[in-house]
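The values are calculated or read from the model by the stated rules, or taken from the named source; none is laboratory data. None of the values given here were measured: they were computed from a predicted structure. Heads up, the Cβs are rebuilt from the backbone with ideal geometry, glycines too, and the neighbour counts pull from every protein chain shown.
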Amino acid sequence: MVTVEFLGPIGKPPMEVGAATLAELAEALKRVEGVSEWLGTSAVAINDRMTTDRNAPLCDGDKVSILPPVCGG
C-alpha cells in the first residue's frame, strides 16, 4: 500500500491505495470523486521527488503527492 496525499485545492484527506506503478495508481484514482478531474493537470511526486514516469514502480510505504497547479504572485 502507498499513501496518497492531495495538496492544495483538491481538499481530500490522505488515503491508502494498493498499486504497483504510478499508472495503476492513476487508474485507481480516476474512480475517486473529486480527484479524477485533477489528474490530468497535476504534478506528481513519489517520496518527495517529482516524476513524470507513469511506469515508475511503487513500493509498500511510498508516499505519492498529487500537486495541482496553483496561481499566485
Note to self: I'm trying to understand the selection: among the residues of segment 33-49, which are more than 16 Å from Gly18 (Cα to Cα), under 11 Å from the mean Cα position of the chain (by Cα) and not in a loop (DSSP other than H, G, I, E, B)?
What the structure shows: Ser36, Trp38, Ala43, Val44, Ala45
Notebook entry, point to check: Is it true that some residue in segment 19-31 is acidic (Asp, Glu), touching a residue at least 40 places away in the same chain (Cβ under 8 Å) and surrounded by fewer than 16 Cβ atoms within 10 Å (Cβ to Cβ)?
Noted result: no
Item checked: Pick from segment 58-73, criterion in a loop (DSSP other than H, G, I, E, B) and at pLDDT 95 or above, ranking: surrounded by the fewest Cβ atoms within 10 Å (Cβ to Cβ) -> Asp60
Next item on the list: Filter segment 1-42 for residues that are modelled with pLDDT of 95 or more and among the β-branched types (Val, Ile, Thr) and give the result.
Entry: Val2, Thr3, Val4, Val17, Thr21
